Amino acid sequence: MQKYYQPEIECASQEQIKAWQDERLVETVRRVYENVPYYRAKMEAKGVTPDDIKSTADLHKLPFLTKDDLRDAYPYGLMAKPVKDCVRIQSTSGTTGRRVVAFYTQHDIDLWEDCCARAIMAVGGTEEDVVQVSYGYGLFTGGPGLNGGSHKVGCLTLPMSSGNTDRQLQFMCDLGTTILCCTPSYAAYLAESIHEKGLRDQIKLKAGIFGAEAWTPEMRRDIEEKLGIKAYDIYGLTEISGPGVSFECSEQAGMHINEDHFIAEIIDPKTGEVLPEGEKGELVFTSITKEAFPLIRYRTKDICVLTRKPCSCGRTHVKMSKPMGRSDDMMIIKGVNVFPSQVEAVLMKQGYPANYQILVSRENNSDKMEVHVEMTPEMFSDNLSHVSAREKELESALKAMLGIYADVKLVAPKSIARSEGKAVRVVDTRNLY
Ligand code: DLL
């Protein structure tokens, strides 16, 4: 039997959902206009005041917000509550090295954890379950979000964080983990290790909640088969709270967006025009319950489709498809958001020319990032040991900027193919979308 964490909300009528959204949108817009000078200026520039916003039908009148706004307003410019009312930040990388920082009051954390609890119960989680949270903890939202949701459901929670595979497997076997939460690529890696070590009979897993990056239907089948589980998708982004903005249910076909907290729109990424239900475009969110960091019409850059087709699970909230790509150049490598501009900034700072190429591939279900960088003619004449020392130096500078390892290869001047139009900065052979 299908169980819900908050049935009266998750299965509310369309009218009720609309009524919540109307009321909360009007309140949120007024609040940010009065408390956040950055928003007030943006609204004034578009000639719109809180009096113009009477319901969700007026949403289109409001200006969009992008990662650039977050960068411009960094660090405190979009905060809608004083620091004394905030208890947490989470963070992720931004477009040109400035990080995105999201703020939370205790109430914000509470609502975020409710969303994650809904996701856990949607995959069959109950207080009988042992939930292994193998998303990273710390600034990344994955660990803290699912951890909180698991507590709310009353599951025994293993705050493993990512890495240390032997320890992951030992706890999984010894404590009888039933639900695994991690990125799909780490799930695939764990599945392979379980298979290789012949541990399949010793595990009690029944479900997995895997998100934070794109994964293919083939990958889902492979993980499900190797582990003998159902693998569910979960979506979210730091700016809008973290995991649990939307989650899959028993249908395993699209993710329910928690519409009592977030209003979703699909727009044409080129014109900004709102598209009708069922059309593919960029997903835009407005958060309507957040106290510290409410974002209005935030452009996610994720390309998706929304559907209100009734779902057999009984939930009534709109469903989004799996993201089908991005309208910007952000890549997710080993679960970490990486922009080519960040790589470029490091190279420039270290005195390299802007002739480089980022090669991303997947080997044994694990992402690999290589950066080929042209040397200047002076560097090229150096001896070989200097070259390898320079490579190491760049690798650590990139690690400091991105948080992940990239294999740097310094190549001869003019050896990276020049293109006639836009430079081909990224060659991604993973075929994830
Ligand atoms: O990835 C939050 C999260 C943690 C989601 C754990 C799910 C599980 P960010 O690091 O800010 O936040 O990255 C957000 O990741 O805009 C999408 O492009 C991508 N993304 C997130 N979930 C999925 C998914 C977390 N299920 C960015 N499928 C988003 C495909 C996803 N892409």
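The values are calculated or read from the model by the stated rules, or taken from the named source; none is laboratory data. Bear in mind the structure is a predicted one, so any value in this text is a computation, not a measurement. With ideal geometry, Cβ positions are generated from the backbone for all residues, glycine too; neighbour counts draw on all protein chains shown.
Data for the structure
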{"quantity": "The lone exception for GLN252 - which of (1) without any contact (Cβ under 8 Å) to a residue 60 or more places away in the chain; (2) surrounded by 17 or more Cβ atoms within 10 Å (Cβ to Cβ); (3) out of contact with any Asp or Glu (no Cβ under 6 Å at 6 or more places or on another chain); (4) under 26 Å from LYS334 (Cβ atoms) it fails", "calculated": "(2)"}
{"quantity": "For ILE303: the one exception among (1) crowded, with 19+ Cβ neighbours inside 10 Å; (2) within 13 Å of the ligand (Cβ to nearest atom); (3) aliphatic (A, V, I, L, M)", "calculated": "(1)"}
{"quantity": "Residues that are in contact with a helix residue (DSSP H, G or I) (Cβ under 9 Å, 6 or more places away or on another chain) and either at pLDDT below 95 or under 23 Å from GLU344 (Cβ atoms) (or both), drawn from the range 74-98", "calculated": "SER91, THR92, SER93, GLY94, THR95, THR96, GLY97, ARG98"}
{"quantity": "Wholly enclosed strands (runs of 3 or more DSSP E) of the range 325-382 bearing at least 3 residues crowded, with 17+ Cβ neighbours inside 10 Å and within 18 Å of the chain's Cα centre (by Cα)", "calculated": "331-333, 336-338"}
{"quantity": "Residue ID - nearest to the ligand (Cβ to nearest atom), chosen from residues in the range 306-329 that are over 24 Å from VAL123 (Cα atoms) and touching a helix residue (DSSP H, G or I) at 6+ places or on another chain (Cβ under 9 Å)", "calculated": "ASP328"}
{"quantity": "Test set (1) part of a loop (DSSP other than H, G, I, E, B); (2) within 24 Å of the chain's Cα centre (by Cα) - LEU25 fails condition number", "calculated": "(1)"}
{"quantity": "Matching residues in the range 217-239 - criterion: being touching a residue at least 60 places away in the same chain (Cβ under 8 Å) and either out of contact with any helix residue (DSSP H, G or I) (no Cβ under 9 Å at 6 or more places or on another chain) or near the ligand (Cβ under 10 Å from one of its atoms) (or both)", "calculated": "TYR232, ASP233, ILE234, TYR235, GLY236, LEU237, THR238, GLU239"}
{"quantity": "Filter pass, SER287 being polar (S, T, N, Q), within 15 Å of the ligand (Cβ to nearest atom) and either in contact (Cβ under 8 Å) with a residue 40 or more places away in the chain or crowded, with 19+ Cβ neighbours inside 10 Å (or both)", "calculated": "yes"}
{"quantity": "Criterion violated by LYS84 - all others in (1) touching a residue at least 40 places away in the same chain (Cβ under 8 Å); (2) farther than 22 Å from GLY142 by Cβ; (3) charged (D, E, K, R) satisfied", "calculated": "(1)"}
{"quantity": "Near pairs, Cβ below 8 angstrom, 6+ apart or cross-chain, from the range 169-181 (on the phi > 0 side of the Ramachandran plot) to any residue that is within 16 Å of the ligand (Cβ to nearest atom) and at pLDDT below 95", "calculated": "none"}
{"quantity": "Yes/no for GLU282 being surrounded by 19 or more Cβ atoms within 10 Å (Cβ to Cβ) and either more than 12 Å from the ligand (Cβ to nearest atom) or among the acidic types (Asp, Glu) (or both)", "calculated": "yes"}
{"quantity": "Test for LEU62: is it more than 21 Å from the chain's Cα centre (by Cα) and touching a residue at least 60 places away in the same chain (Cβ under 8 Å)", "calculated": "yes"}
{"quantity": "Candidates MET330, MET375, MET401, filtered to the one that is under 30 Å from TYR235 (Cβ atoms) and touching a strand residue (DSSP E or B) at 6+ places or on another chain (Cβ under 6 Å)", "calculated": "MET330"}
